[in-house]
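Structure record follows, encoded as structure tokens.
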Amino acid sequence: MPRLIRGGRIVDPSSGRDGIFDLLIQDGKIARIEPRIASLPPDTETIEAAEHLVVPGLIDIHTHLREPGYEYKETILSGSRAAAAGGFTGVACMANTDPPNDNHSVTEFIRERAREAGLINVYPVGAVSKELKGESLAEIGAMVDSGIVAVSDDGHPVMNSGLMRTALEYTQIFGIPVISHCEDLGLSRGGQVNEGLASLRTGLAGIPAEAEVSMVARDLLLARLTGGKLHLAHISTARAVEAIRAAKAQGLQVTAETAPHYFTLTEEAVLSFNTGAKVNPPLRSAADREAVQNGLRDGTIDCIASDHAPHSTVEKDLEFSQASSGIVGLETTLSLTLKLVQQGIIPLARAIALLSVNPARVLNLKKGTLAIGADADITIINPNREFVVNPDKFFSLSRNTIFAGLQLKGKAVITLTRGEIIFRE
């Protein structure tokens, strides 16, 4: 069915377009964008979008869908529903499932489950190493043939520098990035919270910023050595931002992401021992948060990722030291990003780029754009929609969020994939 999105403010960072336009969808593609489209195909459905934002379908570069193996936390279907409700038309799902996505059979299973769900684009990320053990390379070539878009042992740092070097060299054959979980276990093992105010006040074991910074530095050196395509996950510290900024100035092929909890919260959120605030890397200092925000503003950090990490009450309703790390994020990431715009920290076009065209470019996807002829993956946002975060209303199977009760402004109200409406509030 042809669809006309009428009178919305189109914000498309891929083309620089920003203004009030009509957008016509035909055969799942973007057919026309004009100030006013009067002549329409028969049976065209009209979506009135006045006072709404019409943006490229959002892409989450870092999601945990948990299937196979942990379906009680999330499934590909429930995660797809949560993503659609959050305005995401595509997600890259990490390999730390059970069994891990370290071979083509698991990759094909994930893609088949995504096809059955029939909602969003699911982009599998394969493991760097077999069984995520960091000892030998996984079946990267076979997984590429089956549809992976990157490799990562996320949840487990690749401590073996030689293996990381090999991964950065080998993946150049396929043109895919290596996504690094930047953590030096020699410095972080056993840690629970940021080393500093949080560890001092709670008495819990601390994780110093150097656990992240030292691994960022190592991986930047290996990227320089190999010329490989390196993407740094969930950046949380000021010195890591500084190192990435310097590396980019020197021309290294490196990109980076952060997550909403790192630009929204600080380590003070854990002082009440709320396990909803337990994440890895841990919430850092106010100075780190400011540095992350500055990195988003000046382009040092390329993407905002949800790092959607669903856990059940079995893993979260425990003593802080025993609880699992992670929060769900697919249904709050857009609104928390728009809060940066409302606070004047980044402009709107930058916010949309961080969630659409930039992750598409990192993963070499022909997405994140409203160009004529592109797939009609589109997110329609009501920037004035105010709501209170209520985990009981999440589409995700899990409820582990520190943002429960927070009032936010700006929300996806319609999400379309290939021209079909997959979510409507």
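Taken together, the values in this text are just the output of simple stated rules run on the coordinates, not laboratory data. Everything numeric in this text was worked out from a predicted model, so none of it was measured. Don't worry about glycine lacking a Cβ; one is built from the backbone with ideal geometry, like all the others, and counts go over all protein chains shown.
Data overview
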| quantity | calculated |
| --- | --- |
| Lys, Arg +1 and Asp, Glu -1 on Cβ, resulting dipole of the stretch 381-425 about Cα centre, debye, nearest 20 | 40 debye |
| Other-chain or far-sequence residues with amide H under 5 Å of E331's (modelled H) | none |
| Rounded to 5, percent antiparallel among DSSP beta bridges of the stretch 57-362 | 5 percent |
| Zone residues, the stretch 376-416, relative to K29, backbone N less than 14 Å from point 7 Å out along Cα-to-Cβ | 376-377 |
| Electrostatic dipole magnitude of the stretch 299-377 [Cβ: Lys, Arg +1; Asp, Glu -1; Cα centre; debye, to 20] | 420 debye |
| Approximate spin-label separation D145-Y72, in nm, with each point projected 7 Å along Cα-to-Cβ | 3.7 nm |
| Under 17 Å from the Cα of K411 - lysines, other chains or at least 8 residues apart | K339, K393 |
| Residues whose placed amide H lies under 5 Å from that of F88, excluding near-sequence neighbours | none |
| FRET efficiency, 1/(1 + (r/R0)^6) with R0 25 Å, evaluated for Q250 and M159 via beta carbons | 0.50 |
| Under-5 Å amide H pairs with H62, H placed in peptide plane, nonlocal only | A92, S306, D307 |
| Calculated FRET efficiency for the pair N364/E242, C-beta based, R₀ 25 Å, to 0.05 | 0.35 |
| Sorted peptide list for 63-71, 313-321, 161-169, 349-357, criterion being average Cβ within 10 angstrom, highest first | 349-357, 63-71, 161-169, 313-321 |
| Label-point separation in nm, E48 to I372, each point 7 Å along Cα→Cβ | 2.9 nm |
| For the stretch 360-376 and the stretch 116-146, distance of Cα centres in Å | 22 Å |
| Linear extension gain, A287 paired with E135, 0.36 nm per residue minus alpha-carbon span | 51.1 nm |
| Relative frequency of Cα-Cα separations exceeding 15 Å in the stretch 365-425, percent | 63 percent |
| CD proxy at 222 nm, helix term only [per DSSP H run n ≥ 4: -39500 (n - 2.57); per residue of the chain; nearest 500] | -8500 deg cm²/dmol |
| The chain, relative contact order [Cα under 8 Å, separation at least 6], % | 20 percent |
| Whole-number D in µm² s⁻¹ for the stretch 60-196, Kirkwood Cα-pair radius fed into Stokes-Einstein, 20 °C, 1.002 mPa s | 140 µm²/s |
| Peptide ranges 175-187, 28-40, 333-345 listed from the most packed, as the mean C-beta count within 10 angstrom indicates | 175-187, 333-345, 28-40 |
| Förster-model FRET efficiency, 22 Å R0, D317 and R189, C-beta, rounded to 0.05 | 0.35 |
| Estimated vicinal HN-Hα couplings, Hz - the stretch 22-34 in sequence order (Karplus 6.51, -1.76, 1.60; Gly, Pro = x) | 9, 9, 9, 10, 9, 6, x, 10, 7, 9, 8, 9, 9 |
| Dipole of the stretch 84-209 [Lys/Arg +1, Asp/Glu -1 at C-beta], most positive-end residue of F174, N101, P157 | P157 |
| Net charge of Cβ neighbours under 13 Å - reference T332; Lys, Arg +1; Asp, Glu -1 | +2 |
| Computed magnitude of the charge dipole of the chain (debye, nearest 20; Cβ of K, R +1, Cβ of D, E -1) | 860 debye |
| DSSP beta bridge pairing in the stretch 18-144, given as percent antiparallel to the nearest 5 | 45 percent |
| The stretch 290-297 - phi-based ³J(HN,Hα) in whole Hz, Karplus 6.51/-1.76/1.60, Gly and Pro as x | 5, 5, 5, 4, 5, x, 5, 5 |
